[in-house]
1. In Å², and per residue, what accessible area does the chain have when probed at 1.4 Å with the other protein chains present?
2. Taking the chain as the reference, fit the longest principal axis to its C-alpha atoms, fit the long axis of helix 11-34 to the helix C-alpha atoms, and give the angle between the two in degrees, 0 to 90, nearest 10.
3. Rolling a 1.4 angstrom probe over the protein chains, ignoring ligands and nucleic acids, what is the accessible area of F3 in square angstrom, nearest 10?
4. So how exposed is V61, as accessible area in Å² (1.4 Å probe, rounded to 10)?
5. With +1 on the Cβ of every Lys and Arg and -1 on the Cβ of every Asp and Glu, and nothing else charged, how large is the dipole of the chain about its Cα centre, in debye rounded to the nearest 20?
6. Please give the calculated 222 nm ellipticity per residue for the chain, where each DSSP H segment of at least 4 residues contributes -39500 (n - 2.57) and the sum is spread over every residue; nearest 500 deg cm²/dmol?
7. Got a number for carbon plus sulfur as a percent of the chain's accessible area, 1.4 Å probe?
8. Take every Cα-Cα distance within segment 11-70, group them into 10 Å bins from 0 onward, and report for each bin the whole-number percent of pairs it holds.
Amino acid sequence: MKFRELQNLEDSALKRLSNTNREEIRELRFKFVNGQEKNIRKIRNSRKILARVLTLLHERVLKGEKNNEL
């Protein structure tokens, strides 16, 4: 997913997406170690999506704290 697409999602959807990506990364790692998966790029892409989601969630938390201070 692109960052622009993620920005349109709500926090609850982003949290669900992060959980599913974590599960997908875990499953892909096991498949790769067992020799069932040859394409390591899937792991890298999932990790990038997870990083985008977590970054966006963190930015929203910081923005919320900044609004509370004013």
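The values are calculated or read from the model by the stated rules, or taken from the named source; none is laboratory data. Remember, it's a predicted structure, so these values are computed and weren't measured experimentally. Virtual Cβ from ideal backbone geometry, glycine too; neighbours counted across all protein chains shown. We work out accessible area using only protein heavy atoms, side chains counted, and drop any ligands, DNA or RNA first. Shrake-Rupley method; radii C 1.70, N 1.55, O 1.52, S 1.80 Å.
1. Working: 5770 Å² over 70 residues.
Per residue, the chain has 82 Å² of solvent-accessible surface.
2. The helix 11-34 is inclined about 20 degrees to the chain.
3. 70 Å²
4. Rounded to the nearest 10, that gives 80 Å².
5. In total the dipole reaches around 460 debye.
6. -28500 deg cm²/dmol
7. Ligands and nucleic acids excluded, carbon and sulfur give 50 percent.
8. 22, 38, 22, 12, 5, 1
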